[in-house]
Amino acid sequence: DARQRALAAGALGGGISGSGPSIFMLNKDKATAHAAAEAMGHVYQKMGIEYHLHVGPIASAGARVVATT
């Protein structure tokens, strides 16, 4: 239900991180990301589930070598 609410709020898509319980949603802009997060939060509150939301940017640099040994 949280995923469906986020999509209805404008999220482009998302998935499960690893085997859960973390999920992520991709959004076109910061305003939509906050709207999707709020929509998901309402679902968790209604179900009495403790949750933490984080809205942040996606790194645009792509894969790169950070250090070599």
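The values are calculated or read from the model by the stated rules, or taken from the named source; none is laboratory data. Please read all numbers here as calculations on a predicted model, not as lab measurements. All Cβ positions, glycine included, derive from the backbone under ideal geometry; neighbour counts span all protein chains shown.
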Going by the conditions given, is I49 at pLDDT below 90, surrounded by 10 or more Cβ atoms within 10 Å (Cβ to Cβ) and not polar (S, T, N, Q)?
no
Could you list, in sequence order, the residues of the range 3-17 that are outside any helix (DSSP H, G or I) and within 10 Å of A37 (Cα to Cα)?
A9, A11
Which residue pairs have Cβ atoms closer than 6 Å, lie 6 or more positions apart in sequence or on different chains, and pair a first residue in the range 6-31 that is among the aromatic types (F, W, Y) with a second residue that is surrounded by 11 or more Cβ atoms within 10 Å (Cβ to Cβ)?
F24/G14
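Can you tell me which residue among A31, A6, A2 is at pLDDT 95 or above, on the phi < 0 side of the Ramachandran plot and surrounded by 13 or more Cβ atoms within 10 Å (Cβ to Cβ)? Talk me through it step by step, then tell me what you get.
Values: A31 fails: surrounded by 13 or more Cβ atoms within 10 Å (Cβ to Cβ); A2 fails: at pLDDT 95 or above.
Selected residue: A6, the only one of A31, A6, A2 that is at pLDDT 95 or above, on the phi < 0 side of the Ramachandran plot and surrounded by 13 or more Cβ atoms within 10 Å (Cβ to Cβ).
Quick check on the range 13-22. Is at least one of its residues loosely packed, with under 12 Cβ neighbours inside 10 Å, at pLDDT 95 or above and under 12 Å from the mean Cα position of the chain (by Cα)?
Initially, the range 13-22 is screened for residues loosely packed, with under 12 Cβ neighbours inside 10 Å, giving 13, 15-22.
Narrowing further to those that are at pLDDT 95 or above: 13.
Next, only the ones that are under 12 Å from the mean Cα position of the chain (by Cα) stay: 13.
Yes, because at least one residue in the range 13-22 is loosely packed, with under 12 Cβ neighbours inside 10 Å, at pLDDT 95 or above and under 12 Å from the mean Cα position of the chain (by Cα).
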Please determine whether any residue of the range 42-49 is within 14 Å of the chain's Cα centre (by Cα) and not in a helix (DSSP H, G or I).
no
